[in-house]
Each structure stands twice: as structure tokens, then as C-alpha cells.
1. Shape call for the range 102-236 from the C-alpha gyration tensor, a ≥ b ≥ c root eigenvalues: rounded (a/c under 1.5), prolate (a/b greater than b/c) or oblate?
2. Within 10 Å of each residue's Cβ, count the other Cβ atoms and sort 154, 123, 219 from fewest upward.
3. Determine the shape class of the range 8-102: with a ≥ b ≥ c the square roots of the Cα gyration tensor eigenvalues, call it rounded for a/c under 1.5, and otherwise prolate if a/b is greater than b/c, oblate otherwise.
4. At 0.36 nm per residue, and after removing the present C-alpha to C-alpha distance, how many nm does the segment from residue 143 to residue 30 gain when stretched out fully?
5. Which value, in Å to one decimal place, does the Kirkwood hydrodynamic radius take for the range 55-179 when every pair of different Cα atoms is included?
6. From the Cα gyration tensor of the range 131-196, with a ≥ b ≥ c the square roots of its eigenvalues, which class applies: rounded if a/c is under 1.5, or else prolate if a/b is larger than b/c, or else oblate?
7. Under a no-solvent Debye model with one identical scatterer per Cα of the range 84-127, what's log10 I(q)/I(0) at q = 0.18 Å⁻¹?
8. What is the order of 174, 181, fewest Cβ neighbours within 10 Å to most?
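Just so it is clear, none of the values below were taken in a lab; they were calculated from the coordinates. Bear in mind that the values here come from a model prediction, so they are computed numbers and not experimental data. Reconstructed Cβ throughout: ideal geometry from the backbone, glycine too, with neighbour counts over all protein chains shown.
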């Protein structure tokens with residue numbers, strides 16, 4: 001691990017205006033996450049974890065405080081610049097998979113490269129490479145409705161990896177999956193992290209959080225605890 005954090009949050013605050021009142025959701029969150037860490041964000045609903053996830057993913061900006069992502073201050077960036085940062089730096093994996101139904105697995109995975117202007121042949125080669133990483137190359141020409149939930153989530157993970165992002169953000173990635181499939185998906189995240197990626201996982205499930213090496217718990221908009229996991233919890 002290097003000494004410079006890939007994510008540095010300094011006193012991040014976020015309020016939403018409700019009528020004439022400001023409703024504070026994040027009340028001063030400071031957090032460093034380093035390259036190749038595997039961190040789970042946990043907290044009851046209303047704790048601010050979704051808001052924090054959106055700020056980490058550059059989908060939302062803080063009301064106050066500083067967010068440095070990979071050496072860039074993104075806290076005050078205009079939306080267009082934030083979109084570029086998202087496309088280059090961050091790979092997202094959502095609970096709902098968010099795959100386009102008319103595209104094959106390969107085309108879904110290659111999609112971020114279309115936006116990046118990569119030529120077609122190169123896109124397909126790269127998409128095939130990442131599908132191999134998630135053991136799905138034999139399903140490359142299947143549409144999402146021809147895939148199981150676990151396979152669809154693996155396609156979504158491959159899509160998140162395609163740009164070699166600095167950070168993989170996974171929001172309840174096993175929320176729609178049965179236990180056996182959840183274990184398979186979490187094993188893939190462990191593999192991804194072991195090859196050098198930084199993974200941040202948002203979950204409310206303890207057994208899923210236990211895959212991470214570090215658990216940050218939020219409550220009422222502040223960090224309640226931040227601890228490294230013992231190896232016992234990690235040996236699944």
C-alpha cells in the first residue's frame with residue numbers, strides 16, 4: 001500500500017433542503033481509504049451510507065468538506081467534469097445490475113469503452129478479457145434475460161472493470177441474489193481486490209461485510225466505528 005490515500009474525505013457534510021429547513025444527513029465524515037484496500041460501509045437505513053456512497057461515486061457533491069479522489073479535489077467540480085471522473089476512475093456495481101436488455105453480455109461490458117471512443121475491435125477484445133476474469137466468456141453472446149441473476153451480476157462486475165478504474169464501488173451487490181450465488185459473487189470481489197483493485201462495498205448484511213478487510217460503520221451521519229477485520233472473519 002502506498003502512503004497516499006486513493007480516497008481522502010475531510011469533514012464531509014451533506015444537507016438536503018426540505019422546504020425552508022436544511023436536513024443534515026452527513027455531519028462531518030473524515031475517512032482515508034488506500035489503494036488495494038477492501039472496505040465495507042455499513043449502517044442502518046438513515047445512517048447516511050447511501051449519501052456517502054453517492055459522494056464517493058461522484059454522483060453527488062458534498063455541501064461542505066473536501067473529497068480528494070486519486071489526487072484530484074472533486075468536491076467542487078462541475079457536473080461535466082465529475083462525469084469524466086466517474087467514467088475514468090470508478091467502476092460501479094449495483095444491486096439491480098443495470099444491464100441494457102437488448103445488448104449481449106459482451107456489448108454490455110464494452111459499453112463504457114464506446115463512450116471513451118475506443119475502436120470496436122479493441123473494445124471487444126478488452127470486454128472478452130474481463131468476461132474471462134469473472135468466468136463468463138462462454139456467455140458472452142447471451143442477452144441479460146438469458147442469464148441467471150448471478151451471471152447478470154458478473155456481467156455488471158466485468159463492465160465495472162473494463163476501464164481499469166482506480167476504485168470499484170459496489171452498492172448492495174448481492175441484494176437480489178440467493179445465498180449460494182451471493183457467496184460466488186463475493187468470491188469474485190475478493191479475487192478482484194487480490195489483483196490490486198480497491199473495493200468499497202455498501203451493505204447492511206453482516207455476513208457480506210465480513211468479506212471486507214475493514215468495516216466502517218455509520219450512524220446518524222457520522223462514523224461510529226472503523227476497524228480492521230481479524231483474519232478469522234475473513235476466512236470464508
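1. Numbers: a/c = 2.18, a/b = 1.78, b/c = 1.23.
The shape class here is prolate.
2. Numbers: 154 26, 123 21, 219 15.
Placing the least packed residue first, the sequence is 219, 123, 154.
3. Working: a/c = 1.37, a/b = 1.22, b/c = 1.12.
Here the range 8-102 falls in the rounded category.
4. Working: separation 113, 0.36 × 113 = 40.68 nm, distance 4.18 nm.
Taking 0.36 nm per residue and subtracting the Cα distance, the gain is 36.5 nm.
5. 15.2 Å
6. Working: a/c = 1.69, a/b = 1.18, b/c = 1.44.
Note, shape of the range 131-196 comes out oblate.
7. -0.57
8. Details: 174 25, 181 17.
If I rank by nearby Cβ atoms, fewest first, I get 181, 174.
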